[in-house]
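The values are calculated or read from the model by the stated rules, or taken from the named source; none is laboratory data. The model shown is predicted, which means the values in this text are computed figures rather than measured ones. As a convention, Cβ positions derive from the backbone with ideal geometry for all residues, glycine included, and neighbour counts pool all protein chains shown. Ligands, DNA and RNA are excluded from the accessible area calculation, which covers all protein heavy atoms including side chains. Shrake-Rupley method; radii C 1.70, N 1.55, O 1.52, S 1.80 Å.
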Amino acid sequence: MGWRRAVVVGASGGIGAALADLLEQGGTEVHPLSRSATGEAHLDLEDEHSIAEAAKRIGVAGDVDLVLVATGFLHEGKSGPEKDWRQIDPAMLARNFAINSTGPALVAKHFLPLLPDEGRAGFAALAARVGSIGDNRLGGWYSYRASKAALVMLMRTYSVELARKKPDAFCVTLHPGTVDTQLSEPFQRNVPEGKLFTPEFSASRLLEVLEGIGPAQSGRQFAWDGEEIVP
């Protein structure tokens, strides 16, 4: 089916770069954006002005039919996911929400208007299975879990408004699996054999999943293998 014009936020990361490359190989015009980029490719999730400016620049040339937010935050320096409630720190909690929830919500605020009023189009943000409230049986990882759960709710809420304004479009969250990137590197020891994916494998499966999604599936969360994840 393919996509005509796509935006990939977080294109400097492992999954984001793989998504951008695969889309380009398929003939899609791709606009890669990231915090580390300079010039017109710069977008900082913690700076709404940079998000608005990027959307304005890209929108000058017309609609986009796919927006992917391939970003995430889990650890920084010596600070990582909490194993015990005594480790909850307000600064790390706020940072998780800033990057995992608020940032993607601001991208949606400025980029959903670029989707065409008619015709198939989509917005997808990377969430995580550990953000599922119904699937939480292990506990821990308070900040990451909560921020990803908030992301799922935000995208679900966006999908309701999107259905009224652009009825042919969808808005979903995606779980990429455990991917061999800097985000997961400290936590790969206990990953079952065959379940640590390359960015290229995960990206290709996510794009396959997106090919089967339309307005009827909007607001839901899907894993890399197409499984729907309970909120």
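Using the Karplus curve 6.51 cos²θ - 1.76 cosθ + 1.60 with θ = phi - 60°, work out ³J(HN,Hα) for each residue of the range 94-105 in order, rounded to whole Hz, and write x for Gly and Pro.
5, 5, 4, 5, 4, 8, 8, 10, 5, x, x, 5
Mind checking the dipole of the range 142-183: about its Cα centre, +1 per Lys or Arg Cβ, -1 per Asp or Glu Cβ, Debye to the nearest 20?
200
Determine the order of Asp117, Asp44, Asp63 by accessible area, beginning with the largest, at a probe radius of 1.4 Å.
Asp117, Asp63, Asp44
Rounded to the nearest 10 Å², what accessible area does Thr157 have for a 1.4 Å probe in the complete protein model?
Per-residue accessible area (Thr157): approximately 80 Å².
Compare Ser36, Ser50 by solvent-accessible area with a 1.4 Å probe and give them largest first, with all protein chains kept in place.
Ser36, Ser50
Any idea what the dipole of the chain comes to, in debye rounded to 20, about its Cα centre with Lys/Arg Cβ at +1 and Asp/Glu Cβ at -1?
For the chain, the charge dipole is close to 600 debye.
Quick one: which residues, 5+ away or cross-chain, put their amide H under 5 Å from the amide H of Ala37? H built at 1.01 Å from N.
It is Leu43, by chain and number.
Give me a comma-separated list of calculated 3J(HN,Hα) values for the range 202-218, in order, Karplus coefficients 6.51, -1.76, 1.60 applied at θ = phi - 60°, integers in Hz, x for any Gly or Pro.
Listing the rounded values in order: 4, 4, 5, 5, 4, 5, 5, 4, 4, 5, x, 9, x, x, 5, 9, 4 Hz.
What list of ³J(HN,Hα) values in whole Hz, one per residue of the range 128-138 in order, does the Karplus curve 6.51 cos²θ - 1.76 cosθ + 1.60 (θ = phi - 60°) give from phi, with Gly and Pro shown as x?
So the J values, rounded to whole Hz, are 6, 4, 5, x, 6, 5, x, 9, 7, 10, 9.
Leaving ligands and nucleic acids out of the surface, order Met153, Met92 by accessible area at 1.4 Å, largest first.
Met153, Met92
Would you mind checking which residues have amide H under 5 Å from Phe170's amide H? H placed 1.01 Å from N; only 5 or more apart, or other chain.
Those lying under 5 Å, H to H, from Phe170 are Ala121, Gly122, Phe123.
Using 1/(1 + (r/R0)^6) with R0 = 22 angstrom and r between the beta carbons of Glu200 and Asp135, what's the FRET efficiency to the nearest 0.05?
With R0 = 22 Å, the Cβ-Cβ based efficiency is 0.25.
If you line up the long axis of helix 142-165 against the longest principal axis of the chain, both from Cα atoms, how many degrees apart are they, to the nearest 10?
Helix 142-165 and the main axis of the chain meet at about 20 degrees.
Across the range 56-108, what fraction of all alpha-carbon pairs, as a whole percent, falls in each successive 10 Å bin from zero upward?
Values per bin, smallest distances first: 20, 38, 23, 13, 6, 0.
Considering the convex hull of the alpha carbon atoms of the chain, report its projected area averaged over all viewing directions, in nm², one decimal.
12.1
Mind checking which of Pro90, Pro167, Pro113 has the largest fluctuation in a GNM of the chain, springs on alpha carbons under 10 Å?
Looking only at Pro90, Pro167, Pro113, the largest GNM fluctuation is found for Pro90.
Give me, ordered by chain and number, the residues 5 or more places off Arg220 or on other chains with an amide H under 5 Å from its own placed amide H.
Thr173
Could you tell me the calculated FRET efficiency between Glu161 and Lys78, based on Cβ-Cβ distance and R0 = 35 angstrom, to the nearest 0.05?
Given R0 = 35 Å and the Cβ-Cβ separation, E is 0.30.
Determine the alpha carbon to alpha carbon distance for each of Lys56/Lys166; Lys166/Lys195; Lys56/Lys78; Lys78/Lys148; Lys109/Lys195; Lys165/Lys195 and list only those over 27 Å.
Lys166/Lys195; Lys56/Lys78; Lys109/Lys195; Lys165/Lys195, as the Cα separations exceed 27 Å there.
In the full protein assembly as shown, how much of His49 is accessible to a 1.4 Å probe, in Å² to the nearest 10?
His49 has an accessible surface of roughly 120 Å² with all protein chains in place.
For Ala94 and Glu46, compute 0.36 nm times the residue count separating them, minus their Cα-Cα distance, and round to one decimal in nm.
Contour length minus the Cα-Cα distance gives 16.1 nm.
What value in Å³ per residue do you get for the convex hull of the alpha-carbon atoms in the range 7-123?
122
With every protein chain in place, what's the accessible area of Glu211 (1.4 Å probe, Å², nearest 10)?
Here the accessible area works out near 60 Å².
Say R0 is 41 Å: what FRET efficiency, to the nearest 0.05, do Gln87 and Arg4 get from their beta-carbon distance?
0.35
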